Structure formats: C-alpha cells, structure tokens
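Undergrad: I have a structure I would like to understand better, so I am pasting it below and will then ask my questions one at a time.
The values are calculated or read from the model by the stated rules, or taken from the named source; none is laboratory data. Only a predicted model underlies this, so the values are computations on that prediction, with no experimental measurement involved. Positions of Cβ are backbone-derived with ideal geometry, glycine not excepted, and every protein chain shown enters the neighbour counts.
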Amino acid sequence: DVKVTQSSRYLVKRTGEKVFLECVQDMDHENMFWYRQDPGLGLRLIYFSYDVKMKEKGDIPEGYSVSREKKERFSLILESASTNQTSMYLCASSLSGGALETQYFGPGTRLLVL
Amino acid sequence: DAKTTQPPSMDCAEGRAANLPCNHSTISGNEYVYWYRQIHSQGPQYIIHGLKNNETNEMASLIITEDRKSSTLILPHATLRDTAVYYCIVRVETSYDKVIFGPGTSLSVIP
C-alpha cells in the first residue's frame, strides 16, 4: 500500500513564526502536492513538484514556499505564519506518466495560527 | 475539468448497500470518473475510478452509464466506518493534474 505520512497531525503556532510541514511518501512517486482544505472552499493546490528540486506554483502559493531535496520528501514552509493560514494541510503523491494516475493523500496536518 | 453534482447528504442502514449518485453531464471523452472519500479529520482516500466500463475493487463498485453522464458508487455492505464525505471527480489524467473536490455527499451509516 502507498503510504504518505505527515510530520504532525496538529500544530499550534504564533503569528510571525516560521513553520515547517513535512511530508514523506514511500512508493517512489515522482509527483508530490501540497493542498489546503477549508470549509466551503474545498481543496486548493498550493504547490506541487514533479521531480527532485523541481517545484511549480499552484493556485494559492502566496505566503508559502516548498523544498524537495529528496524524492520521497516534500516540505511546505510558511515563512511568517499568519492567522489566515489556519487550515488543514494535505500532502499527496502520485506516479508520473502512467495511464491511470491516482493521487494518494496523507492524514493531514491541522494548523492553528494564533 | 468537468463539474459534478452530488446530493449533499444520504443515510444508509448498516449492512445494506449504499448507492451514491453523481451527475457529470459535461464530461469529455478523455475524462475519467474518480471517487474519493474523507473520514472526519483525515486525508482523502482514493476509492475507485473508471473511464466507461464498470469497475469493482475490494472497497466498492463503480457503475457508469452508457452515455457517461452519470455514475453510481456502490458500497455493497456499508459499515459504520464508511461514514464519510464522498467526492465524485472527473478529470483528465496528466502528470501534474491537481484534484478538484466539490462539496461531495456526506454519507451517514446508521446502526
């Protein structure tokens, strides 16, 4: 089974703090994604990566950055956390180039910024 | 990606089949139908997908109408652990294709 793990299930941070969210997948997937999920807004793509050291902006990249130094690990960074970044953060991974591609999600990290 | 419409909520008795409908009348020929579910406070879980033929796996069955404008996800023997929000998505498979979730159907399995 594909396993996508996220470093924390719950986080509480203060405004202005730098926040790191880690995601690791164990199936040698090329593609990795970071989403945030908010009530009434569904899933919104923040950043994705299709290879090591490669990254692409999603729909809402402002206030976030990412790092992909190893294939299995994709980190989301909040440079200076703000209260409007309180959300559920979901990481996903998928194979590349397959005829039928499926994204597998991690358990999510609930971030509260005070 | 084509839009989908699903009923906002459904109930199902434990042990009975749960049939969750989805309309996707503007689906394109190269778009697949995917189903995910999300149990409260967890990440979305992939269930099943198909293009035009009916599909079955260990979790569920997917029935797609001949004109592909609608589909039904069937959980053959619903359990309390199947209580979740179920999302129907239509999308073209590309390497960098994001997943777009609508509001989904909140399924409650009742003892």
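Undergrad: So is A:GLU22 modelled with pLDDT of 95 or more, over 13 Å from the mean Cα position of the chain (by Cα) and more than 10 Å from every other protein chain (Cβ to nearest Cβ) or not?
TA: For A:GLU22, the condition - modelled with pLDDT of 95 or more, over 13 Å from the mean Cα position of the chain (by Cα) and more than 10 Å from every other protein chain (Cβ to nearest Cβ) - is not met.
Undergrad: What are the residues in the stretch A:52-82 that are more than 19 Å from A:LYS18 (Cβ to Cβ) and in contact with a Ser or Thr (Cβ under 8 Å, 6 or more places away or on another chain), if any?
TA: A:GLU56
Undergrad: Could you say whether any residue in the stretch A:55-65 is surrounded by fewer than 18 Cβ atoms within 10 Å (Cβ to Cβ), hydroxyl-bearing (Ser, Thr, Tyr) and not in a loop (DSSP other than H, G, I, E, B)?
TA: The answer is yes, given that some residue of the stretch A:55-65 is surrounded by fewer than 18 Cβ atoms within 10 Å (Cβ to Cβ), hydroxyl-bearing (Ser, Thr, Tyr) and not in a loop (DSSP other than H, G, I, E, B).
Undergrad: Would the stretch B:89-109 turn up any residue that is in a loop (DSSP other than H, G, I, E, B) and at pLDDT 95 or above?
TA: No, every residue in the stretch B:89-109 fails to be in a loop (DSSP other than H, G, I, E, B) and at pLDDT 95 or above.
Undergrad: Just a yes or no: is a residue in the stretch A:37-44 of a type in the set (Asp, Glu), free of Cβ contacts under 8 Å to residues at least 60 places away in the same chain, within 14 Å of chain B (Cβ to nearest Cβ) and not in a loop (DSSP other than H, G, I, E, B)?
TA: Yes, the stretch A:37-44 has at least one match.
Undergrad: For residues that are in contact with a Ser or Thr (Cβ under 9 Å, 6 or more places away or on another chain) and either loosely packed, with under 15 Cβ neighbours inside 10 Å or closer than 16 Å to B:ALA78 by Cβ (or both), scanning just the stretch B:28-61, find the one that is modelled with the highest pLDDT.
TA: Among those residues, the one meeting the criterion is B:SER61.
Undergrad: In the stretch B:51-66, is there at least one residue being over 15 Å from A:TYR104 (Cα atoms) and within 11 Å of another protein chain (Cβ to nearest Cβ)?
TA: yes
Undergrad: Can I ask one more? Identify the residue in the stretch B:62-90 that is over 13 Å from the mean Cα position of the chain (by Cα) and closer than 22 Å to B:GLN38 by Cβ and, among all such residues, is surrounded by the most Cβ atoms within 10 Å (Cβ to Cβ).
TA: By that ranking, first place goes to B:ALA78.
Undergrad: Still on this model: Only strands (runs of 3 or more DSSP E) wholly contained in the stretch B:18-76 count here; list those with 2 or more residues that are more than 26 Å from A:SER93 (Cβ to Cβ).
TA: B:18-23, B:61-64, B:70-75
Undergrad: Of the residues that sit in the stretch B:1-27 and are within 13 Å of another protein chain (Cβ to nearest Cβ) and surrounded by fewer than 16 Cβ atoms within 10 Å (Cβ to Cβ), which one is farthest from A:TYR104 (Cα to Cα)?
TA: Here is the first cut: in the stretch B:1-27, the ones within 13 Å of another protein chain (Cβ to nearest Cβ) are B:1, B:3-4, B:6, B:8.
Narrowing further to those that are surrounded by fewer than 16 Cβ atoms within 10 Å (Cβ to Cβ): B:3, B:8.
Numbers: B:LYS3: 21, B:PRO8: 24 Å.
By that ranking, first place goes to B:PRO8.
Undergrad: Restricting attention to the stretch A:45-64, which residues are away from chain B (no Cβ under 12 Å), in contact (Cβ under 8 Å) with a residue 12 or more places away in the chain and within 14 Å of A:SER82 (Cβ to Cβ)?
TA: Scanning the stretch A:45-64 gives A:GLY63, A:TYR64.
Undergrad: Specify which of the listed residues (A:GLU79, A:GLU56, A:GLU69) is among the acidic types (Asp, Glu) and under 24 Å from B:GLY102 (Cβ atoms).
TA: Of A:GLU79, A:GLU56, A:GLU69, the one residue that is among the acidic types (Asp, Glu) and under 24 Å from B:GLY102 (Cβ atoms) is A:GLU56.
Undergrad: Something else: Does at least one position in the stretch A:83-95 carry a residue that is farther than 26 Å from B:ILE48 by Cα, surrounded by fewer than 16 Cβ atoms within 10 Å (Cβ to Cβ) and either within 14 Å of chain B (Cβ to nearest Cβ) or more than 15 Å from the chain's Cα centre (by Cα) (or both)?
TA: Within the stretch A:83-95 (the criterion being farther than 26 Å from B:ILE48 by Cα, surrounded by fewer than 16 Cβ atoms within 10 Å (Cβ to Cβ) and either within 14 Å of chain B (Cβ to nearest Cβ) or more than 15 Å from the chain's Cα centre (by Cα) (or both)), the answer is yes, since at least one residue qualifies.
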